[in-house]
Amino acid sequence: MSIPEKVKLNVKVHEALMVVREEVLINAKEMSGENKYQGFKYYTLQDFMPALIKSLRKNGLSYVENFSPTEASLTVIDKQSGSYVTTTCPIDYSHLKGASPMQSIGASMTYARRYMWVSLLGLVEFDAEDGGDIELNELDQGKSAIEDKANAPENIADKLKRIQAENLAKREPSNDS
């Protein structure tokens with residue numbers, strides 16, 4: 001049985017990605033992020049991105065990140081063969097307490113980027129299900145940085161559109177002459 005040419009081509013990105021995974025695991029810094037409430041450490045983008053970018057370049061790979069109103073995607077591309085692999089993640093642009101709308105969007109994008117890279121690279125972090133002493137009701141006691149959904153806009157993109165429309169209305173000449 002012969003392997004279809006399309007499958008052979010797509011293997012290129014996976015072969016290079018396996019080398020990248022190994023190099024990043026060897027060269028990444030220790031986990032510097034810390035969730036003090038739940039008592040665990042995690043990788044921040046700063047912990048592995050420098051090693052990742054160096055390894056991607058060395059192994060002929062590039063990447064593209066995309067963010068839509070409901071989903072983020074990360075595509076890693078083999079520059080020589082054109083083969084690629086994509087991972088996606090739902091994204092929630094909920095408003096963060098004390099943050100501007102743009103800061104909330106930026107935080108959501110950063111979280112999505114981190115989760116997609118951690119998943120794609122196979123970086124092992126804390127798993128809430130393995131926490132043992134952490135019960136689900138402890139996670140829902142309102143200690144999160146994200147405001148209660150009832151008090152936050154359903155979609156931050158809608159709020160930004162409303163603010164933009166209000167600002168445009170303020171700029172229009174007044175009819176009070």
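The values are calculated or read from the model by the stated rules, or taken from the named source; none is laboratory data. Quick caveat, the model's predicted, so the values are computed rather than measured. We place every Cβ from the backbone using ideal geometry, glycine too, and count neighbours over all the protein chains shown.
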Select, from Val76, Val85, Val64, Val118, the only residue that is touching a residue at least 12 places away in the same chain (Cβ under 8 Å) and either out of contact with any strand residue (DSSP E or B) (no Cβ under 6 Å at 6 or more places or on another chain) or more than 24 Å from His14 (Cβ to Cβ) (or both).
Val118
Among Lys41, Lys54, Lys58, the single one that is surrounded by fewer than 13 Cβ atoms within 10 Å (Cβ to Cβ) and basic (Lys, Arg) is Lys58
Does segment 33-48 contain at least one residue that is in a strand (DSSP E or B), touching a residue at least 60 places away in the same chain (Cβ under 8 Å) and of a type in the set (Val, Ile, Thr)?
no
Tally the residues that are outside any helix (DSSP H, G or I), of a type in the set (A, V, I, L, M, F, W, C) and either on the phi > 0 side of the Ramachandran plot or at pLDDT 85 or above (or both), restricting the search to segment 2-32.
2
Scan segment 88-101 residue by residue and report those that are without any contact (Cβ under 8 Å) to a residue 12 or more places away in the chain and among the hydrophobic types (A, V, I, L, M, F, W, C).
Ala99
What are the residues in segment 60-83 that are in contact with a Leu (Cβ under 9 Å, 6 or more places away or on another chain) and either of a type outside the set (D, E, K, R) or part of a loop (DSSP other than H, G, I, E, B) (or both), if any?
Leu61, Ser62, Tyr63, Val64, Asn66, Leu74, Val76, Ile77, Lys79, Ser81, Gly82, Ser83
